[in-house]
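Structure first, commentary second.
What follows is calculated from the coordinates using simple rules that are stated; it is not laboratory data. All values derive from a computational prediction rather than experimental measurement. Because the Cβ atoms are built from the backbone with ideal geometry, glycine has one as well, and the counts that use them run over all protein chains shown.
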Amino acid sequence: MKKFLFSIVLTTFVLAPCAAISQTAMSPSTVGVGPSGFDWAVGTWACTNSMPSPMGGPATQTLTVTKTNGGAIMYHAVGANFDNTWYNVYVPATKSWKSPFIINDGTYGTESTTQTGATIVWNGSATDPTGKTLQVRDTNTLTTTKYTDLGEVQSGGVWKPQYKMSCTKS
């Protein structure tokens, strides 16, 4: 009888975490779909930036993602002398996402997308601390283990990479 009870307890400890993981995991194909399309991002992420820059921040950052009371997803990336906050807000009427952002150096802007799936491109504009407005885009890619963000600025009709973040959920 003790062996049987031990087997049940052991099975519970092994299977319960797996069940919890499968319930919270999201297929990359459902990313951005509907008002819960970015819920998968909620949590804490460890990020590295292979192209540190004023707009993209330092080489290492911590990204904390929470869901607000109103349903928006709030992102807060911090690193040495860097603080960036943005939201993903779903607009049901257009089935689109809006993403306003602000960086601690005074840069601010907004991007939007109607795309869904493992790779999503966000387009918009940013105003830098000097008041210059720039066209910006972010290409986000999600795999089952990693989230990446390639940030670009348009200059002379050409998209130029500014940062490349690679994040792993803690």
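Altogether, the Stokes-Einstein calculation at 25 °C and 0.890 mPa s, with the Kirkwood radius of the range 21-170 over Cα pairs as Rh, returns a diffusion coefficient of 158 µm²/s. In this label model, TRP159 and VAL91 are separated by 2.0 nm, measuring between points 7 Å along each Cα→Cβ vector. Straight-line cross-link partners of LYS132 among the aspartates and glutamates, defined as a Cα under 12 Å from its Cα and at least 8 positions apart when in the same chain, are absent. Loop-resident trypsin sites (Lys or Arg not before Pro) (DSSP state other than H, G, I, E or B) in the range 107-162 with no more than 10 further Cβ atoms inside 10 Å of their Cβ: LYS132.
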